[in-house]
Structure formats: structure tokens, C-alpha cells
Amino acid sequence: MIYTLTTNPAIDMNICTKGLAPCQVNRTFDEVYTPNGKGLNVSFALQHFGVDSCILGFFGGFSGRYIVDASREKGALVKPVWIEGTTRINIFLNDGTTEYKLVNQGAFVSREKQEELLALLDKAEDMDLLSISGSLPPGISEDFYDEVLSLCRRKGTRVILDISSPRLAELLAYRPLLIKPNDEELKKIFGFSFSKEEETLQAMENLYKRGAQNILLTMGDKGAYFYDGKEARYASARPVKLLSSACAGDAALAGFLSRWLPRPSEVDSALARMAATGANVAESNALGDFGHVDAYEKEIVVRRI
């Protein structure tokens, strides 16, 4: 069973407006409220592609209850750890030409609740793979990642990391199955500077030598790269009119995993689904309905390098 961990979930409110002016009422339309958080998005998208998973995370207050209830209504399995604070609400606003992202800090998570989650992970006998996504909320230090990965190593659980934490560089020592940095994170966390494909490949080879078993490097509308220590591939991006980027990267990861995990040799197919899924979600409010994924997939070009 795939487990997804989101330590800082949220309700995402996606809204549109015709222009944005200061000091006056700006009327909005097309409001969409969704249970959210990076790992939750991975689980929801996996579910669309017929892959079961279990959602883990910290939830509190009316917003936390909404996320858990709405996730279960979608048919998702959720094992929440309840906290005293109120789960955050984020706003993604599109004024017709530009997207604005208003992302809140999140609720405080006590050490007692962190230990409760660690115990839950330890007891999960069916946890073959754990996908960790997103940021850490107040109260949780970067050392929490080491605690989780140490537990997974002891249990023999494979790990996927999609985090922007500076600790990612050190966590490669745990030999995660897959990491999914973007180009900005590669520069910020690892100090790599690249403008040519050869430099990109050298950066991914460096990550492989440091412990990452597979690297999925996403670069937005510039496409994506995959490297497994033997071969490298590039997947093109499908141009779309951006509506909200809030869930695109998470859904793209799920699209990739839905094909790559059961058939690791079919990397080209997995990359095509990944790129198509990310594009379809980027042009939608929240996750959308994945209605264009099959069509977009035919337009993605994957080449070996």
C-alpha cells in the first residue's frame, strides 16, 4: 500500500476575478473549495488512475474536519492525527492574467502529536511505500524528516521525497527511491547552476551518487528530466493557459507513479502521463476532472539522452 504524508494540509480556495484593484471591493467568481495539501493531491490523483493509497497528516478545527470528511467522501482512506489548532486555508486567485498565491503558515503541532504520527507509521504493516510531500508546520523541526526516514529504513519501507527543505541534501543518505525537485530547488538546496542540458545531467548524476536512487527533475513549462543512474530521459511540456498551479506538481507526480511503480521499465509512458496530467491540472481550478490527460499524453515527446 502507498501511504502519503502531508504534515501541513490545507483547504485551498481557488477563485477568479476580472482584474484586481486596491482599496475597493473586488468581486470574485468560479469559487472552488477543496481538501488539499501536497500528499492529499497525490492520493486523489492516484485514486483517479486506479491506485489505492492512504492519507496521513495532522488535522485540526473545522477546516481539518472538512478536509478529512471530504477526502473520505471521495473514497480515500484517511488516518488523521488530530491537533488542537485550526488547519490552514490557502487562497489562489487568478485575475485573468496573473495568478496570486496566498499561502498561510499552518497550525502548531506539538511533540506529543508528532510522536503519535510516528507510532501510527510504525504500526502500519501494509506500508510498502511512503510519499512525503510539502512543508513542515510550526512546532515540527527539520529533524522530524530523519525520524520518519529512519523508521522507514528499519521497516523496509521505500520512500519518495517531494520536499523543498534544505535538509533534502542530507536525507539522500537514506537512499530514497525517488526525489522530485524542481529546477529552483536544485539551485537553492544543492547549489547547482545549469543552463545547458549537459549541466542538468551532471547535476542529476551528482544526486544519484549522493544516494537518490531515481531523480525526477521538473522544470514547469520547460519540461522534465528523469535519471535512474543508467539512463536519462527528457519529457516535453504541453502548453496550456494557466489557471492555477496549486495542485499541478502533485498530480503530475501521481501520474508518473501510477505507471512507473508497477512497471519501472516503462519510463517513457510514465513521463508522458506525468506531463499530460500536470498540464491538465494547471489549466483547471484545483485538480479538475483529468478530462484532457489522455489527449495531452499523445502530444508529449519523450526522448532518451
Report summary line: Of the residues in the range 35-54, those that are more than 15 Å from the chain's Cα centre (by Cα) and over 21 Å from ALA276 (Cβ atoms) number 1
Report summary line: If you go through ARG154, ARG158, ARG167, the only one that is among the charged types (D, E, K, R) and closer than 14 Å to ARG210 by Cα is ARG167
Query raised in the report: What residue, of GLU199, GLU205, is without any contact (Cβ under 8 Å) to a residue 12 or more places away in the chain and assigned to a helix (DSSP H, G or I)?
Result: GLU199
**Report entry** Failed criterion for ARG233 (all others in (1) modelled with pLDDT under 95; (2) of a type in the set (D, E, K, R); (3) outside any loop (DSSP other than H, G, I, E, B); (4) surrounded by fewer than 24 Cβ atoms within 10 Å (Cβ to Cβ) hold)
**Finding:** (1)
Report task. Tell me which of these PHE29 doesn't satisfy, since it passes every other one: (1) part of a helix (DSSP H, G or I); (2) more than 15 Å from the chain's Cα centre (by Cα). Result -> (1)
Report task. Within the range 182-209, track down each residue that is β-branched (Val, Ile, Thr) and either more than 19 Å from the chain's Cα centre (by Cα) or at pLDDT below 90 (or both). Result -> THR200
Query raised in the report: In the range 93-119, what residues are over 30 Å from LEU243 (Cβ atoms) and free of Cβ contacts under 8 Å to residues at least 24 places away in the same chain?
Result: GLU112, GLU115, ALA119
Query raised in the report: Assuming GLY19 fulfils every condition listed in (1) outside any strand (DSSP E or B); (2) surrounded by 23 or more Cβ atoms within 10 Å (Cβ to Cβ); (3) touching a residue at least 60 places away in the same chain (Cβ under 8 Å) apart from one, which condition is it?
Result: (2)
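The values are calculated or read from the model by the stated rules, or taken from the named source; none is laboratory data. What you are looking at is a predicted structure, and each value in this text was computed from that prediction instead of being measured. Here the Cβ is made from the backbone with ideal geometry for all residues, glycine too, and neighbour counts use every protein chain on show.
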